[in-house]
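Working notes, structure below.
Every number in this text was worked out from the coordinates using simple rules, so none of it is lab data. Given the structure is predicted, the values throughout are model-derived calculations rather than measurements. Here the Cβ positions follow ideal geometry from the backbone for every residue, glycine too, while neighbour counts run over all protein chains shown.
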Amino acid sequence: MALHGFHKMHGLGNDFVIFDARKAGLPLDSATVRQIAHRQHGIGCNQLIVMEPSAQADFFMRIYNQDGGEVEACGNATRCVTWLAGRDVTIDSAGGMLHGRIGDRGVSVDMGEPRFGWDQIPLGYAMDTAHLPLAWEMLDDPMAVNIGNPHVIFFVADSNAVDLERLGPVIEHDPVFPERVNVNVAHVGDDGVHLRVWERGVGLTLACGTGACATAVAAIRRKLASSPVTVHLPGGVLEIAWAEGGLITMIGPVAHVFTGEIDL
């Protein structure tokens, strides 16, 4: 029996099982990831994270969704692994190079520059990503942004009134998004942006860091908000700062829940 240690952590309820594989390899496949992530039959998490060696950063962060598929970016997980490292770090990922810092207000992460080209999202064909000429029932006029992974953002009168559990998977799997897409619905209030997210490969989530970044960028570009943007998610609050042409910075809390060992 070979036991592997792990950490259970969350950022605003967006929860992770994190393995540190910088010194020894980890035998994972999609079926094993699904088993570990299962809420009833496994440890349970939105994403499974593996910290691996990197020649160009402090470590490489590999990210798997609940469905066993590997994805490019996860903002809340980036803050969690920064906390585990216990210091300021550079983190290589499939979505690009990231920088994490620990401060008095929580953990902050530079999430890179947003990408807006239709082929960078990616979309199935060329169109204006600032105002996609697409609609799904009451959801129309979305913006598309890539924050290391693809997002589509809808601004609505009341994000809580949208049946995201029904429409989320429809939009996620629409052929116009060849790599599927994360679906964000938001409304702007006096206290900031209120956001709900359907995360590809996961479903409805209490928080999505890259979704908060994508939505803040979209709100700034549409002049609905100014930087820094306070983003209210079901699990809590993130602060997102961004200026045109610059890096996105996300600040928020993380929590370490427990450590354990598992026989893979």
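Applying a DSSP loop filter and a limit of 11 other Cβ atoms within 10 Å to the trypsin sites (Lys or Arg not before Pro) in the stretch 79-139 leaves R87, R105. So how tilted is helix 209-221 from the main axis of the chain? Cα-based, degrees 0 to 90, rounded to 10. With rounding to tens, the tilt is 20 degrees. Segment D67..E165, full-extension length gain: 33.6 nm, with 0.36 nm per residue of separation and the alpha-carbon distance subtracted. The loop-placed trypsin sites (Lys or Arg not before Pro) in the stretch 205-264, going by DSSP, that have at most 14 neighbouring Cβ atoms within 10 Å of their Cβ come out as K223.
Among the GluC sites (Glu not before Pro) found in the stretch 142-199, those both in a DSSP coil and sparsely packed, with 16 or fewer other Cβ atoms within 10 Å of their Cβ, are E179.
Taking 0.36 nm per residue of sequence separation and removing the Cα-Cα distance, the D140/F258 pair yields an extension gain of 38.3 nm.
Enumerate the residues in the stretch 57-84 having an amide nitrogen under 15 Å from the point lying 7 Å beyond the Cα of L26 toward its Cβ. Residues 59-74, 77-84 qualify, since their backbone N sits under 15 Å from the label point. Taking 0.36 nm per residue of separation and subtracting the current Cα-Cα distance, fully stretching the chain between A130 and K223 would add 32.3 nm. In terms of its C-alpha gyration tensor, the stretch 115-264 comes out rounded, because the ratio a/c of the largest to the smallest axis stays below 1.5. Rounded to the nearest 10 degrees, the inclination of helix 75-85 to the longest alpha-carbon principal axis of the chain is 30 degrees.
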